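Following: one structure in structure tokens, then a few remarks.
Where a number appears in this text, it was derived from the coordinates with a stated rule and is not lab data. This one's a predicted model, so the numbers in the text were calculated from it and none came from an experiment. A quick note on method: Cβ atoms are made from the backbone with ideal geometry, for glycine too, and the neighbour counts reach across all protein chains shown.
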Amino acid sequence: MNDRLTDEERKELPDSVYGLPDRREYPMPDAAHVRAAEAYFRYCPEDLKPRLARAILAKAREFGVDVQSPTVLSYAQE
């Protein structure tokens with residue numbers, strides 16, 4: 001599965017599928033993108049990591065993805 005979106009595809013996505021909707025960053029419209037967001041989590045600004053971690057876990061539940069990253073899991077509990 002491809003986890004790359006074109007600029008046009010990104011523009012068409014609703015804010016609700018983004019891990020950080022106000023910044024329109026970390027799109028998660030499907031399971032492949034949830035895994036990509038988990039993989040790129042380390043690049044998220046420190047102050048936004050708890051919010052992104054919770055968004056990743058919510059989307060993971062929605063798409064049946066098992067989040068493996070202890071870092072994401074620990075930030076989600078903050």
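Determine by what factor the alpha-carbon radius of gyration of the range 7-76 differs from 2.2 N^0.38 Å, reporting the quotient. Show your work: numbers first, answer last.
Details: Rg = 11.1 Å, N = 70, 2.2 N^0.38 = 11.1 Å.
Output field value: 1.00.
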Under 15 Å by backbone N from the virtual spin label 7 Å along Cα-to-Cβ at D22, the residues of the range 43-70 are 45-53, 55
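What is the packing order of peptides 56-62, 44-50, taking the mean over residues of other C-beta atoms within 10 Å and listing the highest first? Please list the in-between numbers first.
Values: 56-62: 18.0, 44-50: 13.7.
The peptides rank, most packed first, as 56-62, 44-50.
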Rounded to the nearest 500, the 222 nm mean residue ellipticity computed for the chain from DSSP H runs (n ≥ 4, each -39500 (n - 2.57)) alone is -13500 deg cm²/dmol
The farthest towards the positive end of the charge dipole of the chain, of the residues Y18, L73, L5, given +1 on Cβ of Lys and Arg and -1 on Cβ of Asp and Glu, is L73
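Which whole-number percent gives the relative contact order of the chain, counting Cα pairs below 8 Å spaced six or more residues apart?
Numbers: 78 pairs, mean separation 19.8, N = 78.
With pairs under 8 Å counted, the relative contact order is 25 percent.
Which value, in debye to the nearest 20, describes the size of the charge dipole of the chain about its Cα centre when Lys and Arg Cβ atoms bear +1, Asp and Glu Cβ atoms bear -1, and nothing else is charged? Working shown, then result.
Numbers: 12 positive and 15 negative charges, 35 e Å.
Computed charge dipole of the chain: roughly 160 debye.
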Residues whose built amide H sits under 5 Å from the amide H of Y18, excluding neighbours closer than 5 in sequence, are M28
